[in-house]
Amino acid sequence: MAMGIFSFTLLAGEAQAQKKKKKKKAQTEAAAAAPKEKPAPKKGPKAYSEVITKDAKTQEGLFNVHEIDGKYFYEIQDSLLGRDMLMVVTIAKTADGIGYGGERTNTLMVNWERNKDDILLKIKSVNNFAADSLPIAQAVENSNLEPILQKFEVKANSTDSTGAVIEVTDLFSDDVKAIGLPQGRRTQYKVSRLDNARSYIEHVHTYPINIEARYVKTYLANDPPSNSSTGSITLEMNTSMVLLPKEPMKQRLSDQRVGWFSRSMVDYGADAQKAASRTYLDRWRLEVKEEDIEKFKAGELVEPKKQIVYYIDPATPKKWVPYLKQGVEDWQVAFEAAGFKNAIIAKEAPSKEEDPTWSPEDARYSVIRYFASDIQNAYGPHVSDPRSGEIIESDIGWYHNVMNLLRNWFFVQTAAINPEARSVKFKDEVMGRLIRFVSAHEVGHTLGLPHNFASSHSYPVEKLRDPEFTKEMGTAPSIMDYARFNYVAQPEDEGVSLMPNVGPYDKYAIAWGYRPILDAETPEDELMTLNEWIVEKENDPVYRYGRQGNRYDPTAQSEDLGDNSMLASEYGIKNLKRIMPNLMEWTSEEDKPYKDYDDLEEMYGQVLGQFNRYMGHVRTNIGGVEEYYRATGQDQQVYTHTSKELQKSAVEFLNDHLFATPEWMMQEEIIARTGDFGALERIRSLQVGTLNGILEWGRLGRVIENEALNGDEAYKMTELFDDLRGGIWTELPGGRTIDVHRRALQRAHIERLELLMTGEVDPVPARFRRFVGPQINASQSDIRPMVRAELKTLQRQIRSAIPRTSDRMSKIHLEDALERVNLILEPK
């Protein structure tokens with residue numbers, strides 16, 4: 001029985017085995033009959049020759065750049081991974097209404113890192129810092145992870161395996177926002193997206209320390225600034241990537257008492273019980289050669305290890321090249337004050353025959369670029385290392401039409417005393433001197449100096465009429481002020497200088513920022529010496545710095561001259577009155593009897609604009625607060641209210657020269673040749689603009705605070721309102737005829753009072769509050785009670801004047817004015 005069972009089991013097993021054998025045979029035959037599948041592609045980099053083919057156009061430089069059929073590849077050496085680089089984005093060519101060519105839109109510090117078979121382009125921040133030796137450095141690193149701008153697949157390794165090849169086409173052809181149209185402009189013009197079909201790479205060039213990528217971007221926009229029918233914006237952009245030094249230059253810490261372009265970081269390693277800000281200068285690396293150290297210590301002038309060299313763009317008209325060069329080399333005297341000779345020079349760019357490799361895009365060269373553009377401007381930017389402030393290179397932008405701006409300034413400010421300015425086309429040597437002046441100003445920016453608006457206030461007004469003084473000192477201590485030309489000088493002041501030069505403040509500031517302090521090992525070691533250099537000059541206004549943008553400081557204004565705005569403007573207006581009767585003659589050209597009156601119209605506008613500047617200079621004295629930067633060791637005030645006498649004289653000046661109709665501006669022979677309408681409007685806008693600037697929340701707030709702090713020594717708001725009313729409504733007591741200009745001005749006065757009575761201070765966006773400062777609370781201040789009292793006074797005076805006014809239009813005006821006041825006081 002047992003044997004039978006075993007035999008049955010064996011037979012069943014053999015049958016099963018045969019069945020499996022047949023199934024396997026069938027699967028093998030089916031597999032053989034099926035089409036062959038390609039093997040899965042091998043992951044990782046390809047062979048170098050498969051990526052960089054024989055068709056590649058290769059440039060050698062910082063990275064080797066390969067171009068194959070419109071695609072661009074970077075070959076990055078391992079030694080450059082992790083190195084800090086600066087990526088500077090500018091608009092190379094722009095659409096009408098979108099900035100100007102050369103405008104910088106973004107600056108990023110980046111480095112390239114390898115992560116397995118990818119290369120990462122990472123943004124690196126220096127906003128927060130702690131020395132690597134400190135424990136807190138790890139916390140800073142953990143709290144400041146910056147974004148990855150782009151990830152690139154490694155296409156191949158270099159032939160010697162010391163680098164990697166990546167394709168970067170998408171970085172420039174796709175919409176990478178950091179290197180494209182800025183977000184503010186996207187919002188402004190309602191940009192929806194990038195149109196890839198109309199975007200492309202123009203070229204990518206590589207040089208020893210930088211790579212320049214030029215690309216065209218076309219965006220779809222619902223509200224473009226020009227050519228609206230296309231619904232798009234096209235820009236040509238340039239991204240420059242510059243290798244930064246391995247060892248950063250030693251910083252020089254800034255001091256607000258000396259004006260300087262600077263940058264800041266939060267230094268968490270500082271010995272302070274708070275997150276302290278560390279601010280340091282942007283400046284060129286000027287160092288003493290080892291063999292010259294003893295000479296330098298002995299006070300001899302020495303040449304630096306490396307000069308600052310500016311090249312003149314080959315596109316520059318030849319006749320202007322010498323003047324641009326002179327503007328650069330005018331700064332040699334300032335560097336001599338810092339202990340260096342021949343520290344800054346200018347050269348003409350080499351021709352293609354002299355140096356076929358030279359390019360203005362090469363970051364080894366600083367260039368004054370000449371643009372054929374109708375923009376009336378020049379600008380002086382620089383590229384600096386954010387870790388140290390070291391300026392790497394600078395390209396000054398010079399627009400051809402800046403000459404028109406210079407002509408207009410020089411004409412309207414000096415033609416009354418200067419025969420060489422009495423034309424719409426100057427002699428080449430005259431225009432050349434003006435070009436030299438602006439060239440020196442822009443070079444000053446590239447050396448690290450901002451505008452110094454306090455400079456022009458340091459000279460007494462009468463000294464600006466003194467030929468000996470102005471020849472020695474110029475018309476302002478700094479060429480970095482907006483003190484254009486000498487409008488104070490009168491025809492009898494023969495031989496007086498007409499413009500500033502690189503002056504005593506400029507020499508002082510360059511010495512302060514650039515003179516090496518050889519025994520200092522750290523930036524902190526320099527602070528006592530730097531402070532001593534400032535304190536030596538503390539009581540001399542020539543060496544004072546005043547920031548740009550303080551609109552309540554009458555001692556730090558744009559376009560002004562001298563230490564008294566009222567006296568300087570008095571002289572300026574005398575000269576404008578001399579120009580007006582000659583305007584037609586001086587804007588005509590004997591050899592062009594066929595020309596139109598465009599130049600006459602432009603220069604008439606310049607006269608009105610210059611007059612308006614004078615009114616602005618005077619107005620700033622009202623409610624003025626003077627800002628003098630000090631340090632704690634000086635034990636002096638920083639902020640001082642402008643004296644009562646000056647404020648009162650400012651209102652008196654405006655009453656006499658502006659609010660009393662300036663009839664001398666209404667030249668019928670000019671108006672009849674320059675427009676069919678608008679003469680009255682020009683005068684009205686001048687008067688009303690100044691009036692509204694006086695009765696402005698921030699200014700009135702300072703008037704109120706001055707009285708609270710200084711009592712009877714202050715120019716009070718009650719006095720201000722009385723003095724203004726006395727100048728604007730002079731016709732009321734005698735019932736005199738009120739001319740058309742005055743009627744408009746008086747209505748504007750009522751309307752401004754209404755705004756102060758019923759309006760609110762415009763809120764300041766959060767991002768601007770630190771620049772604007774505190775704002776007055778209108779409803780809880782003394783402004784509205786004062787305005788109500790002023791309206792009631794006007795109400796009584798107008799009501800009394802109506803019966804004794806005989807001129808019909810004047811009576812109609814007063815009846816209307818009374819009704820307006822009534823409605824403000826008792827609104828329906």
Practice item. Show the residue pairs that are 6+ apart or on different chains and have beta-carbon atoms under 6 Å apart, the first residue being within the stretch 75-96 and of a type in the set (Ser, Thr, Tyr), the second being surrounded by fewer than 17 Cβ atoms within 10 Å (Cβ to Cβ). Key: Thr90/Arg104
Check your understanding: Out of curiosity, is Glu601 among the charged types (D, E, K, R), touching a residue at least 12 places away in the same chain (Cβ under 8 Å) and in contact with a helix residue (DSSP H, G or I) (Cβ under 7 Å, 6 or more places away or on another chain)?
Key -> yes
Review point. Just for the stretch 94-113: of the residues that are surrounded by fewer than 17 Cβ atoms within 10 Å (Cβ to Cβ) and assigned to a strand (DSSP E or B), which one is modelled with the lowest pLDDT?
Key: Arg104
**Study point:** Selection count, the stretch 799-814, where residues are part of a helix (DSSP H, G or I) and under 17 Å from Asp739 (Cβ atoms)
**Key:** 8
Check your understanding: Looking at (1) basic (Lys, Arg); (2) touching a Lys or Arg at 6+ places or on another chain (Cβ under 9 Å); (3) on the phi > 0 side of the Ramachandran plot, can you tell me which one Lys190 breaks?
Key -> (2)
Review point. Is it the case that the stretch 642-659 has a residue that's farther than 30 Å from Thr718 by Cα and part of a helix (DSSP H, G or I)?
Key: no
Practice item. Using the structure shown, decide if Ser373 is over 30 Å from Asp599 (Cα atoms) and at pLDDT below 95. Key: no
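Please work out if Ser439 is in contact (Cβ under 8 Å) with a residue 60 or more places away in the chain, in a helix (DSSP H, G or I) and touching a helix residue (DSSP H, G or I) at 6+ places or on another chain (Cβ under 6 Å).
Judged against the criteria, Ser439 is a match.
For every residue, the table says whether it meets (1) surrounded by fewer than 15 Cβ atoms within 10 Å (Cβ to Cβ); (2) aliphatic (A, V, I, L, M); (3) not assigned by TED's automatic domain parsing to the domain that holds Thr642.
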site: Val688; (1), (2), (3): no, yes, no
site: Ile694; (1), (2), (3): no, yes, no
site: Gly698; (1), (2), (3): no, no, no
site: Tyr715; (1), (2), (3): no, no, no
site: Glu719; (1), (2), (3): no, no, no
site: Leu724; (1), (2), (3): no, yes, no
site: Trp729; (1), (2), (3): no, no, no
site: Pro733; (1), (2), (3): yes, no, no
site: Ile738; (1), (2), (3): no, yes, no
Exercise for review: Identify all residues within the stretch 163-213 that are among the aromatic types (Phe, Trp, Tyr) and part of a helix (DSSP H, G or I); write none if there are none.
Suggested key: Phe172
Point to revise | Filter pass, Arg283 being modelled with pLDDT of 95 or more, farther than 25 Å from Gln636 by Cβ and surrounded by 17 or more Cβ atoms within 10 Å (Cβ to Cβ) | key: yes
Check your understanding: Which numbered condition trips up Arg630, out of (1) assigned to a loop (DSSP other than H, G, I, E, B); (2) under 18 Å from Phe411 (Cβ atoms)?
Key -> (2)
Practice item. For the stretch 613-634, state whether one or more residues are modelled with pLDDT under 95 and among the β-branched types (Val, Ile, Thr). Key: yes
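Under 24 Å from Asp69 (Cα atoms) and at pLDDT 80 or above, is that true of Thr169? Before you say what the answer is, go through the steps one by one.
Values: under 24 Å from Asp69 (Cα atoms): yes; at pLDDT 80 or above: yes.
Judged against the criteria, Thr169 is a match.
Condition check ((1) polar (S, T, N, Q); (2) at pLDDT 95 or above) across all residues:
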{"residue": "Val651", "(1), (2)": "no, yes"}
{"residue": "Pro662", "(1), (2)": "no, yes"}
{"residue": "Gly678", "(1), (2)": "no, no"}
{"residue": "Asn710", "(1), (2)": "yes, yes"}
Study note, to complete from the structure: Going through (1) under 27 Å from Leu286 (Cα atoms); (2) of a type outside the set (A, V, I, L, M, F, W, C); (3) within 31 Å of the chain's Cα centre (by Cα) one by one, Gly549 fails only at (1)
Practice item. Those residues that are surrounded by fewer than 19 Cβ atoms within 10 Å (Cβ to Cβ) and either hydroxyl-bearing (Ser, Thr, Tyr) or outside the structural domain of Arg484 (by TED's automatic domain parsing) (or both), I need them from the stretch 399-439; list them, please. Key: Ser423
Study note, to complete from the structure: Within the stretch 550-598, of all residues that are of a type in the set (Val, Ile, Thr) and part of a helix (DSSP H, G or I), the one farthest from Arg613 (Cα to Cα) is Ile579
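Residue by residue, here is whether (1) of a type in the set (Lys, Arg); (2) within 15 Å of Ile91 (Cα to Cα); (3) in a loop (DSSP other than H, G, I, E, B); (4) at pLDDT below 95 holds:
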| residue | (1), (2), (3), (4) |
| --- | --- |
| Leu220 | no, no, no, yes |
| Asp223 | no, no, yes, yes |
| Leu235 | no, yes, no, yes |
| Gln251 | no, no, yes, no |
| Asp255 | no, no, yes, no |
| Val258 | no, no, yes, no |
| Val266 | no, no, no, yes |
Check your understanding: Given Ala489, Ala483, Ala476, Ala454, which one is at pLDDT below 95, aliphatic (A, V, I, L, M), crowded, with 21+ Cβ neighbours inside 10 Å and in contact with a Ser or Thr (Cβ under 9 Å, 6 or more places away or on another chain)?
Key -> Ala483
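So which of Glu336, Glu354, Glu361, Glu348 is assigned by TED's automatic domain parsing to the domain that holds Ser262, without any contact (Cβ under 8 Å) to a residue 24 or more places away in the chain and over 30 Å from Asp267 (Cα atoms)?
Working: Glu336 fails: without any contact (Cβ under 8 Å) to a residue 24 or more places away in the chain; Glu361 fails: without any contact (Cβ under 8 Å) to a residue 24 or more places away in the chain; Glu348 fails: without any contact (Cβ under 8 Å) to a residue 24 or more places away in the chain.
Going through Glu336, Glu354, Glu361, Glu348 in turn, just one is assigned by TED's automatic domain parsing to the domain that holds Ser262, without any contact (Cβ under 8 Å) to a residue 24 or more places away in the chain and over 30 Å from Asp267 (Cα atoms): Glu354.
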**Study point:** Positions within the stretch 345-372 being within 19 Å of Lys318 (Cβ to Cβ) and under 22 Å from the mean Cα position of the chain (by Cα), in sequence order
**Key:** Val367, Ile368, Arg369, Tyr370, Phe371, Ala372
**Study point:** Boolean, Thr159 is outside any strand (DSSP E or B), at pLDDT 90 or above, farther than 22 Å from Asn238 by Cβ and over 29 Å from the mean Cα position of the chain (by Cα)
**Key:** yes
Practice item. Among the candidates Asp385, Asp395, single out the residue that is closer than 30 Å to Tyr365 by Cα, buried (at least 23 other Cβ atoms within 10 Å of the Cβ) and under 30 Å from the mean Cα position of the chain (by Cα). Key: Asp395
Review point. Asn106: out of contact with any Cys (no Cβ under 9 Å at 6 or more places or on another chain), of a type in the set (S, T, N, Q), in the same structural domain as Gly180 (by TED's automatic domain parsing) and free of Cβ contacts under 8 Å to residues at least 60 places away in the same chain, yes or no?
Key: no
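Based on what the data block shows, is Thr206 under 17 Å from Thr94 (Cα atoms) and among the β-branched types (Val, Ile, Thr)?
Working: under 17 Å from Thr94 (Cα atoms): no; among the β-branched types (Val, Ile, Thr): yes.
In short, no.
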Practice item. Quick one: Arg515 ticks every box in (1) surrounded by fewer than 24 Cβ atoms within 10 Å (Cβ to Cβ); (2) at pLDDT below 95 except a single one, so which number is it? Key: (2)
Point to revise | Set Ile798, Ile776, Ile812: member being in contact with a Leu (Cβ under 6 Å, 6 or more places away or on another chain) and β-branched (Val, Ile, Thr) | key: Ile798
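The values are calculated or read from the model by the stated rules, or taken from the named source; none is laboratory data. Note that this is a predicted model, so its numbers are computed, not measured. Backbone-built Cβ (ideal geometry, glycine too); neighbour counts: all protein chains shown.
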